[in-house]
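Visitor: What follows is a single structure, and I will ask about it in a moment.
The values are calculated or read from the model by the stated rules, or taken from the named source; none is laboratory data. Since the structure is predicted, the reported quantities are computational estimates derived from the model, not experimental observations. Cβ sites come from the backbone with ideal geometry, for glycine too, and all protein chains shown count toward neighbours.
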Amino acid sequence: MATKTAVAPTGHRARRWDRDRLLPYLLLIPAGLALALVSAYPIYEGVRASLTQYLYGRAHGSAGLKNYTDVMHDSTFWTAMGVTTKFVFICVVVETLLGLGLALLVVKEVKGIKFIRMSILAPMTVAPVVVGVIWRLIFSSETGFVDPVFTALGLGAPRMLTHEATAFWGLVMVDVWEWTPLLFLICLAGLQGLPQEPLEAATVDGAGPIRVFFNHTLPLLIPVLAVGIILRLIDAIGTFDQIFVLTRGGPGTATQLISIYAYNTAFNFTDYGHGAAMLIALLVFVFLLVLVAVSLMRRAARKSA
Amino acid sequence: MKSRLATPMRVTALVLVVLVCLLPFWWMFVVSLRKRVDIFSGPSLWPSHATFANYTALFSEYHMGAFLTNSTIVVGASVLVSLLIGTPAAYALARFKLAGRLNSFGLVGALLVRMVPPILLVVPFYIVLAHLGLLDSRLGLTVIYTGINTSFVIWMMQSFLAEIPSEIEEAALVDGDSRWTAMRRIMLPLAGPGLAATSIFAVITTYNDFLIALTMTSTPQAQTVPVGISTLIGKIQVQWGPMAAAGIIGAVPILIFAMAVQRHFVRGMTMGAVK
C-alpha cells in the first residue's frame, strides 16, 4: 500500500486529480445561479423599488427614504403589525401545547399510527387555499354547520367571520386546525428518538410522570421542539392564502395581517414603493429569525444524524 | 389501574383527532355533490340527490381544464429542472470539503431562500418578471418556482446523500471509476428513495403555492389551480358548489402524493432537521 501511494502520479492521473478538484465547484454553479435569481436579484430590485416614488403603478423618480418614513408613520401598518403579532403568538403557543400534549398521549400507542398519521397529514398537505375554501364552507351561514348547530342549541348564529370581535378567532381556529398536526408529528418524532434509559431510571427511582416529564423528557426534547416552533413562527408571519380566501383582512381591519396589507398596498393601490419598503423592513426582521432557525436546525440535524 | 384508564382515554382522543382532521374534508365533498337548491335547503352530512354537475360546470364554465394544464406544466418543469441542478450541488456539498467554508455558506444560503415567506418577495418578483416580460406566463412562474425548489432540493438531498456511507463510493473510485461515474453508478441508485421523496415534496409545495401565482398571473392562460379556485369567490357572490368541487380537485392529487411520502413527512417539513 505504502509504495503504491508513494509513486508519483502519472500524467493521466494528475489530470484526473485536477478535474476532480474542480468538479464540486462546477456542480454548484447552476444551482447557485438559480438561487441568486430568486434571492439576490429580487432583493436588489426590491430595495431599489423601496427607494422609488410610484404613482399609479409608474416609477416617478427617486424617493430617497420617504417610503420608509411613510411606513413608520402609517398607523394602518402598525395596526397590521399588531394583528400579526397577536395572531402568530396565539397560534404558535396553542399549536405547540396541543401538539406536544397529543404526542405525549400517543407515544406508546404504536398500533394504528400509520392511519392516524395519514389522516392528520391531510390538513397541512392540501393547499392553504383549499383550507380556506373548506372553512369558508363551514363558517358560511348558507353552507356551513357552525351556525345551524348554534341556532339549534338556542345560542343564535354566531356568523363568526362577519363580526369584528370573532373573525380573528375564526382564523386562529383554522390555523390551529391546519398546523397542530405538524407540531404533533415533530414532537412524536422527537419523543420516539429519545433514549429510554434515563427516563426508565428516573421512574425506577420513584419519580412521578410529571416529574419525569419536566426533569428529563422536556430538556431532551427541546432541540427538536425548538426547530418546530421557529419554523412555524416564520411560516405564520407570512400567513396569507387562507385569510385571502376567508376574510381578505376584514371586517374592517380585524384580520388584516401585515401580509394582506402589504399585498393590497402593492397590488391594489399599485404603490410598489410603499409596499416594497414595508416588506423590506419585515424581511430584515424575518431574516434574523431565519438565521436563528438555521443554527437550531443544523444542531438538531447533527444530533439526529 | 392507571394504565387501564389511560388506554380508553388515548383511544378516544385519537378518534377525536382523526374526526376533527377529516370531517371538514367530508363536508366539502358533500357540498361539492349538492345542487344549488339543495345547498340552500339546509346543511346535511350526506349528499341527497348527489350530482357531478358542479364538477362539469367547473370545466365548461370556469376554465378548470386550463388551470390544471398550467399547474401540471409549471410544477413538472420546475421540479424537474430543480432536481437536475440541485442534486449535483447537494452532492458537492455533502461529499467534498470546499474552500472558504463554502459547505456551510451553500447550505445556509439555500435554506434562507426556502424559508423566507413568499409574501416578502412577491413585489420584487413582480418587478423582475415585468422587466423580463414574463408576467402572466407559465415560463415566468416556472423560473421562480425552479429557484425556490432548488433551495429545497439542495437541503433535502444533502441530508439524504450524507447518510450514504462514503466507503461505498471510495471503493468504486479505487476500482478505477471517475468521480462522475461513481456518482452515476453508485450514488444515484442509492439515493433513489431520497430523490423520490424530495421530488414529491417539491411537487406538493409548488402545486399548493397561491401567492406567487396570484401576483404573477392574471388570465387562465397562466393561472394555476389554487388561483383558479380563488376566482370562484366573487366580491358579492360565492359559487358554493363549484368552489367546493374545485377544492376537492385541488386537494385530491396532493393527498395521494402525501400518502406516498408519509414516512418522510416530518423530515420534509423540517427540511431534514428532524427525522
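Visitor: Go through the range B:104-122 and give me each residue that's more than 7 Å from chain A (Cβ to nearest Cβ) and modelled with pLDDT under 85.
Guide: Passing the criteria: B:Ser104, B:Phe105, B:Leu107, B:Arg114.
Visitor: What number goes with the only condition from (1) hydrophobic (A, V, I, L, M, F, W, C); (2) more than 25 Å from the chain's Cα centre (by Cα); (3) at pLDDT below 85 that A:Leu51 does not pass?
Guide: Result: A:Leu51 passes all but (3).
Visitor: Next question. Report yes if some residue within the range A:167-179 is over 30 Å from A:Gly250 (Cβ atoms) and either surrounded by fewer than 22 Cβ atoms within 10 Å (Cβ to Cβ) or assigned by TED's automatic domain parsing to the domain that holds A:Phe214 (or both); otherwise report no.
Guide: No: zero hits.
Visitor: Related question: Among the residues that make up the range B:207-222, is at least one of them under 24 Å from the mean Cα position of the chain (by Cα), more than 10 Å from chain A (Cβ to nearest Cβ) and without any contact (Cβ under 8 Å) to a residue 12 or more places away in the chain?
Guide: Checked against the condition, which is being under 24 Å from the mean Cα position of the chain (by Cα), more than 10 Å from chain A (Cβ to nearest Cβ) and without any contact (Cβ under 8 Å) to a residue 12 or more places away in the chain, the range B:207-222 yields no hits at all.
Visitor: Being more than 8 Å from every other protein chain (Cβ to nearest Cβ) and either outside any loop (DSSP other than H, G, I, E, B) or crowded, with 17+ Cβ neighbours inside 10 Å (or both) is the filter here, so list the residues in the range A:108-131 that pass it.
Guide: Listed by number, the residues that qualify are A:Ile113, A:Val131.
Visitor: Looking at B:Val20, is it of a type outside the set (Asp, Glu), surrounded by fewer than 13 Cβ atoms within 10 Å (Cβ to Cβ), over 22 Å from B:Gly228 (Cα atoms) and without any contact (Cβ under 8 Å) to a residue 12 or more places away in the chain?
Guide: Taking the combined requirement at face value, the residue does not satisfy it.
Visitor: Conditions first: (1) within 27 Å of A:Val227 (Cα to Cα); (2) in a loop (DSSP other than H, G, I, E, B). A:Ser141 passes all but one, so which condition is the exception?
Guide: (1)
Visitor: Further, regarding this structure: Tally up the residues in the range B:223-241 that are surrounded by 22 or more Cβ atoms within 10 Å (Cβ to Cβ) and away from every other protein chain (no Cβ under 11 Å), please.
Guide: 1
Visitor: In the range B:56-93, what residues are more than 18 Å from B:Gln221 (Cβ to Cβ) and either facing another protein chain (nearest Cβ under 10 Å) or among the aromatic types (Phe, Trp, Tyr) (or both)?
Guide: Selection gives B:Val81, B:Ser82, B:Leu84, B:Ile85, B:Gly86, B:Thr87, B:Pro88, B:Ala89, B:Ala90, B:Tyr91, B:Ala92, B:Leu93.
Visitor: From the list A:Leu220, A:Leu185, A:Leu191, exactly one residue is within 23 Å of A:Lys108 (Cα to Cα), part of a helix (DSSP H, G or I), more than 21 Å from the chain's Cα centre (by Cα) and within 13 Å of chain B (Cβ to nearest Cβ). Which is it?
Guide: A:Leu191
Visitor: Can you pull out the residues in the range A:238-255 that are more than 18 Å from the chain's Cα centre (by Cα), of a type in the set (A, V, I, L, M, F, W, C) and over 14 Å from A:Trp135 (Cβ atoms)?
Guide: Matches in the range A:238-255: A:Ala254 only.
Visitor: Regarding the range B:170-184, can at least one residue be identified that is within 11 Å of chain A (Cβ to nearest Cβ), out of contact with any Lys or Arg (no Cβ under 7 Å at 6 or more places or on another chain) and among the charged types (D, E, K, R)?
Guide: yes
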